[in-house]
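Beneath this line is the structure, given in structure tokens, with notes to follow.
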Amino acid sequence: MSLLLSMEDCASDEENYCSDRDSLDGIENEEPEFQCAPPKGSTTKVITKESLLAAQREDLRNVMEMLSLREHHARTLLIHYRWDVERLVAVLVEKGKACLFAEAGVTVVEHQDLDSSLHSIVMCDICMEGVPGGEATRVDCGHCFCNNCWTEHFMVKINEGQSRRIRCMAHKCNSICDEAVVRNLVSKRHPDMAEKFDRFLLESYIEDNKRVKWCPSAPHCGNAIRIEDDEFCEVECSCGLQFCFSCLSEAHSPCSCVMWQLWVKKCRDESETVNWITAHTQPCPKCHKPVEKNGGCNLVSCICGQAFCWLCGGATGRDHTWSSITGHSCGRFKVEGEKKSERAKRDHYRYIHYYNRYRAHTDSFKQESKLKETIQERVSITEERDSRLRDFSWVNNGLYRLFRSRRVLSYSYPFAFYMFGDELFKDEMTKEESEIKQHLFEDQQQQLEANVEKLSKILEEPFDQYSEDKVMEIRMQVINLSVITDTLCHKLYECIENDLLGSLQFGNHNIAPYKSKGIERASELTACWKSNNRDNYLPSDREASAESDRPSGSGCSDESGCSSRKRARKDGVGGGLFDLNMPAEVIDRN
């Protein structure tokens, strides 16, 4: 039962961790390499409800300007290519504009407008009724149907959740309908559904974009995060939550996403309880309930009254001596039964080994996070004295490095559990290769662990009670150990990426890269931009449709929204700070 409770504690680890930004709050750090402000040119952006439209317009403008398209055509292209402008450009260069448009369902064709035949009768091929030309709509692909059929078609697609790409009703026509046509016709009958349609189009920038994801905070902060580089990274939202962008769980590097999901499941479900029951109990042959032996005699009794032999599990009578049971003999060796029991015991003890160490570093971090207040008091006492030592940024840097390294150590044990076990890589490595790689990894892990413990011990020293010479000695030790632990973290990650995961042939296990400055904090995306050439862009479909009661698929008014500039991409990965998750109580408090 105690083991089961500890596993439930493990399931709430993301609430137990507090971020090192929160842990170091109030301790001044003058070192430029540990600045808390996000660096210029941050590669991750926070998209709020206010800036979502501007973020979408940014990519729309790029495509509209590049291909001289209207807004709804540009949006259709971007939704089809999951808002990946680089992929869109690659297809354009490789296959040409015609193929690009055909694959996405974009049709840019000049067709005869219905204004010249408003009083003529148009035959609708859907309802097979003739309607006046003013009650029919022709879309970009040239197909014309009555407004009632169009409206019913649009409403069905919106209710089915297909509003981002509503195709023409004509048989085998893959053209995507003009969103201005959809909005105009649906709003006349159901204004609420038209608003729903607009919301779906706006949120498609997040739902269909592989570089943008909602922040997984609970309760939800309403923000989304946009990245510019590799999706296998860890980010921090403006609400303070740090998470893995790939799987949206807590930041778990150096564990891969697959490993971490398996580890969380293993700690939450009853898999290890089953292993313990298999290793330490025998099922009753009558009621099949697990029975644990509490004495030395091999004749045991279940609560249902059935007696059976502990060695083989067979039902027996109650007459027995110290060495044998009357009328029963089970001296024959049974290979399968022994193998199953021994394997269950081995797997259980192996899990307990890694779980206890994972849990120990998690608990150590929680205890060490309380050092902040203690060190603040010690710094204040030391500053009140007439001392030549005024700069205590080394304490701040040492604390940050301790938290950072402690977290790396904590997640290195779930990684080792799966890297050198039989669950994932049994067919990737021979037993000899696995042992060699395990020794290599454990050497790196032990070196890091030893230096982290040294740093933790030194930071707990009551330096406010020491002489200046002793404080200077502690200062040099903290600075040296901070550099050593950071170097060892780099080496541990290099060992994982190059020697362990890099040699795999079949598995896809990517981890977020190690950054000395920690997880990058996303900067706020500006809600709008000023541009001198905004009048050169084509008008938006929304404004074009507002000029006419009957949509005609074209527009001519200028757009009054915020114009945008092209997104600047950087080759390097920006460095932020801190990679420890805020607990739920801290998020609620903030």
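Observations on the model:
- Extension gain, Cys239-Met123: 0.36 nm per intervening residue step, less the Cα-Cα distance, totals 36.1 nm.
- Sum of side-chain charges, Phe145 neighbourhood, beta-carbon under 12 Å (Lys, Arg +1; Asp, Glu -1): -3
- A DSSP coil position with no more than 12 other Cβ atoms inside 10 Å describes the following trypsin sites (Lys or Arg not before Pro) in region 167-198: Lys172.
- Pairs with C-alpha atoms separated by more than 23 Å, drawn from the list Lys157/Lys196; Lys470/Lys491; Lys293/Lys426; Lys210/Lys266; Lys266/Lys345, are Lys470/Lys491; Lys293/Lys426; Lys210/Lys266.
- Approximate spin-label separation Lys49-Cys304, in nm, with each point projected 7 Å along Cα-to-Cβ: 5.9
- A cut-off of 5 Å between modelled amide H atoms, ignoring neighbours fewer than 5 places along the same chain, links Glu524 with Val46.
- Efficiency of FRET from Cβ geometry, Arg343 and His288, R₀ 30 Å, rounded to 0.05: 0.90
- Length gained on full extension, Arg199 to Ser503, computed as 0.36 nm times the residue gap minus the Cα-Cα distance: 104.9 nm.
- Remark: spin-label model distance His280-Glu473 equals 4.8 nm, labels positioned 7 Å along the Cα→Cβ axis.
- Computed from backbone phi with θ = phi - 60° and the Karplus coefficients 6.51, -1.76 and 1.60, the 3J(HN,Hα) list for region 219-231 is x, 5, 7, x, 9, 10, 10, 10, 10, 10, 10, 5, 6 Hz; x is used for glycine and proline.
- What the Cβ-Cβ distance of Ala102 and Asp230 gives, at R0 = 35 Å and to the nearest 0.05, is a FRET efficiency of 0.65.
- Per residue solvent-accessible surface (Å²) - region 122-210, probe of 1.4 Å: 45
- Cβ-Cβ FRET estimate between Glu377 and Glu453, R0 fixed at 25 Å, reported to 0.05: 0.60
- When each of Lys431/Lys517; Lys457/Lys515; Lys370/Lys515 is checked by Cα-Cα distance, pairs over 30 Å: Lys431/Lys517
- Mean shadow area of region 122-210, taken as a quarter of the surface of its Cα convex hull (nm²): 6.0
The values are calculated or read from the model by the stated rules, or taken from the named source; none is laboratory data. For clarity, every value in this text was computed on a predicted model and none was experimentally measured. Note that each Cβ is placed from the backbone with ideal geometry, even for glycine, and that neighbours are counted across all protein chains shown. These accessible areas exclude ligands, DNA and RNA; they are computed on the full protein's heavy atoms, side chains included. Shrake-Rupley method; radii C 1.70, N 1.55, O 1.52, S 1.80 Å.
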